[in-house]
Amino acid sequence: MEARPASAWVLLLSLITDCLKLVQPREFTVKDIIYLHPSTTPYPGGFKCFTCENAADNYECNRWAPDVYCPRARGPVSRLSATRQTDRGTQYCYTRHKMNAKGDSSLVTKRCVTLKECLSVGCTELDNEGNKVCTSCCEGTICNLPLPRNTSQAVFATLSPINQTSRHLFHSAVTLTCFSLLFLLVV
């Protein structure tokens with residue numbers, strides 16, 4: 001009889017832990033970015049990226065990155081037609097991170113890029129000198145704050161998911177499951 005309530009509490013605590021993982025705050029928030037880089041856009045859809053060339057590490061890159069807007073697209077570019085109009089101007093923030101065999105940064109490059117430059121993100125295998133290079137792209141103002149260090153971070157991230165409905169349904173299902181189990185344990 002007593003084994004059932006103990007296992008129910010263990011299940012409840014693990015479920016609560018999983019639910020809390022979904023809402024953990026990031027180290028650096030959008031509010032922090034706005035505070036550090038305040039301004040209004042000079043044109044509709046204007047955005048900034050951290051920009052540096054061959055910096056020693058992420059701190060040096062982000063600390064000395066110039067506070068300027070990415071070049072404006074020369075004409076209207078819709079999300080659907082962006083794949084066909086790669087020469088229209090920059091639309092994304094790019095990061096290239098070179099690491100030594102220990103995983104320490106050796107070179108960091110960040111800049112504004114076109115869609116074409118974002119089509120080959122990911123990480124390379126260690127070369128003969130023991131170096132690894134990871135590249136990532138993102139969409140949004142100063143979105144290239146962190147460095148990609150592995151294949152799960154070296155991605156092409158856009159502001160809106162491809163299918164918002166499935167994402168909403170997933171979060172709704174997780175929340176409903178959490179509350180259902182909590183209700184069953186309490187009753």
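Bear in mind these aren't lab numbers, they're just calculated from the coordinates by the rules spelled out. Computed from a predicted structure; not experimentally measured. Backbone-built Cβ (ideal geometry, glycine too); neighbour counts: all protein chains shown.
Worth pointing out:
- Modelled label positions at Ala8 and Asn128, each set 7 Å beyond Cα in the direction of Cβ, lie 6.6 nm from each other.
- Segment Ala56-Ala101, length gained on full extension (0.36 nm per residue, minus Cα span): 14.6 nm
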